[in-house]
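The values are calculated or read from the model by the stated rules, or taken from the named source; none is laboratory data. Since the model is a prediction, treat every value here as computed from it, not as a measurement. Using ideal geometry, Cβ is built from the backbone for each residue, glycine included, and neighbour counts are taken over all protein chains shown. Just so you know, the surface numbers come from the protein's heavy atoms only, side chains and all, with ligands and any DNA or RNA stripped out. Shrake-Rupley method; radii C 1.70, N 1.55, O 1.52, S 1.80 Å.
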Amino acid sequence: MSASVQFLNPSEAARRLGVSAKALRLYERRGLVAPVRTAAGWRAYGPGEMARAAEIAALRALGLSLAQVARVLEGDSQDLEPALAAHEAALEGRIRQLAGAVEKVRDLRADLARGQAPAAGDLARLLAPAGERAVAFDLPWPWGGERFELRDIRPLNYIIGPLGSGKTRLAKRLAETLPGAAFLDLDRRVDGGAPAQARLGADPALKSRVDRALVWLIEEGAAISPALVALLAGLEAEGPAILVVDMVEQGLDQMAQEALIAHLRRRGPGARPLFLLTRSSAILDLAAVGADEAIILCPANHSPPTRVAPYPGAAGYEAVATCLASPQVRARTEGVIAWRPFHPERRAMVAASATP
């Protein structure tokens, strides 16, 4: 290892590449990049390794699976064309949005030149993100009816909290309140996913979409399972404008979870919003949360849910981190539910409602 060449440790290399250290380890595990080793045995990334890792990160940003990345790096560019076509379509969509915003600015300037001030709300609508979704409602029990507002709903939204924090109730209320939303509950796994298989058999278009997703996930390292197929049948279904998914990791091993979240991230910023209930560190990797993702924490003390920024020191970050567990731990605690003593006031309310 030359002293004149700068070598970076995995954390610094990941920071400069804009990926997580976990992603670098994954690239290494799949044989895509091979960091050098220091005399003490630590991994290090020199200019050659950084250039290789940057190429991998760029291909991943285009939506390629790990297997597709490997093929491109070996000189087979067949998978690049559809990825670049999708990227081009996304860029053209942004251009159309910008053109619409420019036209609105011109109209406002023309009105000002005529002495006409902007109407109430014109400037707010102009500066709001295109297609911004928002929701507001009174929180259900176990909260006290506080008003909850969520603005700038992202393509990926994680709902997290300890057992008994009310996160499932929040998720269901979101599904009830958001226009066109649907709740994908754990009944998707009933009878080994038989209902999902029946839907796939009756809907060839849905089956085709699920099969395409499975091909990508398998190349990413996932193994087909009834739980994964049932989940994809819900995620790929047409109709709902927004999906709220109960415990997305249920029944999936670590490889499947990591592949799934990579698949969901590749959908891009204009994708149908998803709310994912999770407590898995493979699904919610705090070091990998991007600009199109948001974390909603339901605190243990039943204070109102709050959005948490994904960096150490941010309010609520430590509470989110302590809620997360590895897929192996989550598998051991699968099915555990919170037990809460019946509150005296609630017992009285139930008794009163039952009185003839």
- Item | Of the criteria (1) under 22 Å from V320 (Cβ atoms); (2) at pLDDT 95 or above, which one R154 fails | (2)
- Task: Please indicate, with yes or no, whether at least one residue in the range 74-83 is of a type in the set (D, E), outside any helix (DSSP H, G or I) and either at pLDDT 95 or above or surrounded by fewer than 12 Cβ atoms within 10 Å (Cβ to Cβ) (or both).
- Result: yes
- Task: Look at the range 11-41 and say how many of its residues are buried (at least 17 other Cβ atoms within 10 Å of the Cβ) and not in a helix (DSSP H, G or I).
- Result: 5
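Yes or no: R52 modelled with pLDDT of 95 or more, open to solvent by 60 Å² or more (accessible area, probe 1.4 Å) and in a helix (DSSP H, G or I)?
Judged against the criteria, R52 is a match.
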- Task: Considering only the range 244-260, state which residues are open to solvent by 10 Å² or more (accessible area, probe 1.4 Å) and in contact with a strand residue (DSSP E or B) (Cβ under 7 Å, 6 or more places away or on another chain).
- Result: D246, M247
- Item | Set A44, A70: member being open to solvent by less than 50 Å² (accessible area, probe 1.4 Å), in a strand (DSSP E or B) and touching a Leu at 6+ places or on another chain (Cβ under 8 Å) | A44
- Message: Please verify whether P327 is in contact with a helix residue (DSSP H, G or I) (Cβ under 8 Å, 6 or more places away or on another chain) and crowded, with 16+ Cβ neighbours inside 10 Å, treating the condition exactly as stated.
- Response: yes
- Check off (1) touching a strand residue (DSSP E or B) at 6+ places or on another chain (Cβ under 9 Å); (2) hydroxyl-bearing (S, T, Y); (3) open to solvent by 30 Å² or more (accessible area, probe 1.4 Å) for T278 and give me the number that stays unchecked. (3)
- Restricting the first residue to the range 32-59 and requiring it to be in contact (Cβ under 8 Å) with a residue 12 or more places away in the chain, which pairs with a second residue that is of a type in the set (F, W, Y) meet a Cβ separation below 6 Å and a spacing of at least six or different chains? V33/Y27; P35/Y45; A44/F7; G46/F7; I56/Y27
- Message: I want to confirm something. Restricting to the range 226-266 and keeping residues that are part of a loop (DSSP other than H, G, I, E, B) and small (G, A, S), which single residue is farthest from D292 (Cα to Cα)?
- Response: G251
- Query: Picking from L91, L66, L62, L98, which residue would you name as being touching a helix residue (DSSP H, G or I) at 6+ places or on another chain (Cβ under 6 Å) and free of Cβ contacts under 8 Å to residues at least 40 places away in the same chain?
  - Reply: L62
- Query: Do we have G221 as touching a residue at least 60 places away in the same chain (Cβ under 8 Å), on the phi > 0 side of the Ramachandran plot and not basic (K, R) here?
  - Reply: yes
- For A86, state whether it is at pLDDT 90 or above, assigned to a helix (DSSP H, G or I), surrounded by 13 or more Cβ atoms within 10 Å (Cβ to Cβ) and within 23 Å of the chain's Cα centre (by Cα). no
